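Just below is one structure, and these are the notes that go with it.
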Amino acid sequence: MSVFNTSEKGISTFFLTGIPGVEHAHFWVSIPICIMYLVAILGNCTILFLIKTETSLHEPMYYLLSMLAFSDLGLSISSLPTMLRVFLFNATGISSDACFAQEFFIHGFSAVESSVLLVMAIDRFVAIHDPLRYTSIFTPNRVFKTGFVLATLCILLVLPFPFMLKRLKFCKKSILSHSYCLHQDVMKLACSDNRINIIYGFLVALLSLLNLVFISVSYVLILKIVLGITSHKGRLKVLNTCFSHICAVFIFYVPIITLAALHRFAKNASPVIRVIIADIFLLVPPLMNPIVYSVKSQQIKNVILAKLCEKQH
C-alpha cells in the first residue's frame, strides 16, 4: 500500500503557507507578486529573444547570460502556480506528487543558476587576466558544451530528491513553511527515518556553497589584477565589466544565506521574516537580473534602444 493515502497511515496532501497573520490581505499581496512575475517572465524572455536574434550579442558572455535568463525563467514558472494559488485564491492544498515535482524543478533551476554564476565569474577572470586569449578560450562551442554539461549535472544532482521524499512516510504534520515546496521543508514533516534525506541535502547545499567559494576566489584574483592597474580610470573600466555579475551573485546568494542563517541560528525568529525572505529568493533574482543587465550592459542597452527607435519610425 502506498504511504501517500488518506488512511491513518499516511497523508497525500500538504498545505502551503502564505504570510502568517495577514491571511485576510493575501489578495492585495498577490497584486505586487503578479506584477513581479509578469515583469520577470517578460524581462527574461526579452533577454533570450535579443541574444538569439541580434548577431552583435552572439558572444560567450551573452550566451552565458542567456543561460542565466533561462534558469531565472524556469524558477519563475516553477514557483508561479502555487504562489498565486496561495495569495490570490487562498488555495493552500497541494498533492504530494505535485509538491515533489515542484521542489525538483526549483532545486534544479537553482543549481543551474548557481553553476552559471560560477562560469560567468571564470569568464570575467579570463577576460581581465588574459584578454588576448579570451576569444580562443571561451569559444561559443565551448560555452554551449559547458552549459549542456552543467545542466545535465544539476539535473542528476537533484533528481534523487523527489524519489527520496517518496520513500518517506508522512503521518500527522502536513503544513509547510513556505508558499512553495522545498526538499528540506518537506522532509521535516516525515514521521519515518529521514537521515538519508538530511545527509544528501547537506551535500547538495555544500556543493552550492563551493560554487560561492570559487566565485569569491575568482573575484579576489580579479581584485588583485585591478589593484595592479595604475590608472584610476582603467580600474573603474575593468570593475564596470564585472558590476552586473556581482549584482547577480548578491541577488541570488544573499537571500539563501540569510534564510539558512535564520533556520540555523535564529530559530525563534518571526515566521513572517522567514516567509518573506524565502519568497524574495524566488521572486527577486528573476526580476532584477534582466533589469541590471539591461541597464549596465551597453550592448544590450543599445540593442533595446535601437528596437524602440525602429518601432517609433
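The values are calculated or read from the model by the stated rules, or taken from the named source; none is laboratory data. It should be emphasised that the depicted structure is a prediction, and the values quoted were computed from it without experimental measurement. Here Cβ is always computed from backbone atoms with ideal geometry, including for glycine, and neighbour counts include all displayed protein chains. All accessible areas refer to the heavy atoms of the entire protein, side chains included, with ligands and DNA or RNA removed. Shrake-Rupley method; radii C 1.70, N 1.55, O 1.52, S 1.80 Å.
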> Using alpha-carbon pairs under 8 Å, 6+ residues apart, how would you state the relative contact order of the chain in percent?
Replying inline: 27 percent
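Using 1/(1 + (r/R0)^6) with R0 = 45 angstrom and r between the beta carbons of Ile225 and Lys172, what's the FRET efficiency to the nearest 0.05?
Working from the Cβ atoms, E equals 0.20.
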>> Charges at C-beta only: +1 for Lys and Arg, -1 for Asp and Glu. How large is the resulting dipole of segment 68-164 about its Cα centre, in Debye rounded to 20?
In response: 220 debye
> Considering only the other residues whose Cβ falls under 15 Å of the Cβ of Ile175, what net charge follows from Lys and Arg at +1 and Asp and Glu at -1?
Replying inline: +2
> In whole angstrom, how long is each semi-axis of the equivalent ellipsoid of segment 145-198, when you take the square root of 5 times every eigenvalue of its Cα gyration tensor and sort them from largest down?
Replying inline: 27, 13, 7
>> Using each residue's phi in segment 126-142, evaluate 6.51 cos²θ - 1.76 cosθ + 1.60 at θ = phi - 60° and report the 3J(HN,Hα) Karplus result to the nearest Hz, with x for Gly and Pro.
In response: 5, 4, 8, 6, 9, x, 5, 9, 4, 5, 7, 7, 9, 7, x, 4, 5
>> Probe of 1.4 angstrom, ligands and nucleic acids ignored: what's the accessible area per residue over the chain, in square angstrom?
In response: 53 Å²
> Taking a label point 7 Å from the Cα of Ser95 along the Cα→Cβ vector, which residues of segment 158-178 have an amide N closer than 17 Å to it?
Replying inline: 162-163, 166-167
> Taking the Cα centre of segment 162-289 as origin and charging only Cβ (+1 Lys, Arg; -1 Asp, Glu), how large is the dipole, in debye to the nearest 20?
Replying inline: 200 debye
> Distance in nm between label sites at Phe27 and Lys296, each 7 Å beyond Cα in the beta-carbon direction?
Replying inline: 4.0 nm
> In deg cm²/dmol and to the nearest 500, what is the mean residue ellipticity at 222 nm of the chain if only DSSP H runs of at least 4 residues count, each as -39500 (n - 2.57), divided by the residue total?
Replying inline: -26500 deg cm²/dmol
> Once you mark the trypsin sites (Lys or Arg not before Pro) that are in a DSSP loop and have at most 15 other Cβ atoms within 10 Å, what is the longest gap between them in the chain?
Replying inline: 10-166
> Using θ = phi - 60° and the Karplus form 6.51 cos²θ - 1.76 cosθ + 1.60, what ³J(HN,Hα) does each residue of segment 246-257 get, whole Hz, x for Gly and Pro?
Replying inline: 4, 4, 4, 5, 5, 4, 7, 8, 4, x, 5, 5
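About its Cα centre, how strong a charge dipole does the chain have in debye, to the nearest 20, once Lys and Arg get +1 and Asp and Glu get -1 at the Cβ?
For the chain, the charge dipole is close to 480 debye.
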>> Normalised by the empirical 2.2 N^0.38 Å for globular proteins, what value does the Cα Rg of segment 211-273 take?
In response: 1.56
>> I need the phi-derived Karplus couplings for segment 178-194: 6.51 cos²θ - 1.76 cosθ + 1.60, θ = phi - 60°, integer Hz, Gly and Pro marked x.
In response: 10, 8, 8, 9, 10, 4, 5, 6, 6, 5, 5, 7, 5, 9, 10, 5, 10
> Mind checking the log10 I(q)/I(0) for the chain at q = 0.07, 0.09 Å⁻¹? Debye, one equal scatterer per Cα, no solvent, two decimals.
Replying inline: -0.32, -0.52
> What is the set of long-range amide H partners of Glu59 at a cut-off below 5 Å, with H atoms built 1.01 Å from backbone N?
Replying inline: none
> If you build a Gaussian network model of the chain, linking Cα atoms that sit under 10 Å apart, which residue out of His129, His107, His245 swings the most?
Replying inline: His129
>> At 0.890 mPa s and 25 °C, plugging the Kirkwood radius over alpha-carbon pairs of segment 175-313 into Stokes-Einstein gives what diffusion coefficient in µm²/s?
In response: 132 µm²/s
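If Rh is defined by the Kirkwood formula over all Cα pairs and Rg also comes from Cα, what ratio Rg/Rh do you get for segment 164-234? Please report the intermediate quantities before stating the final value.
Details: Rg = 21.1 Å, Rh = 15.6 Å.
With Rh from the inverse mean 1/r over Cα pairs, Rg/Rh is 1.35.
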> By how many nm would the segment from Ile257 to Thr13 grow when fully extended, if each residue of separation counts as 0.36 nm and the alpha-carbon distance is taken off?
Replying inline: 84.9 nm
> From the residues Phe109, Ala248, Ser216, which one has its Cα farthest along the dipole of the chain in the positive direction, the dipole being from +1 and -1 charges on Cβ of Lys/Arg and Asp/Glu about the Cα centre?
Replying inline: Ser216
> Given Ile35, Tyr63, Ser12, which one lies farthest toward the positive end of the charge dipole of segment 1-101, if we put +1 on the Cβ of every Lys and Arg and -1 on the Cβ of every Asp and Glu?
Replying inline: Ser12
> What is the set of long-range amide H partners of Cys191 at a cut-off below 5 Å, with H atoms built 1.01 Å from backbone N?
Replying inline: Lys169, Phe170, Cys171
>> How much length would be gained if the chain were fully extended between Leu305 and Leu236, taking 0.36 nm per residue of separation minus their Cα-Cα distance, in nm to one decimal?
In response: 22.4 nm
> So what is the orientation-averaged projected area of segment 80-196, using the convex hull of its C-alpha atoms, in nm²?
Replying inline: 9.6 nm²
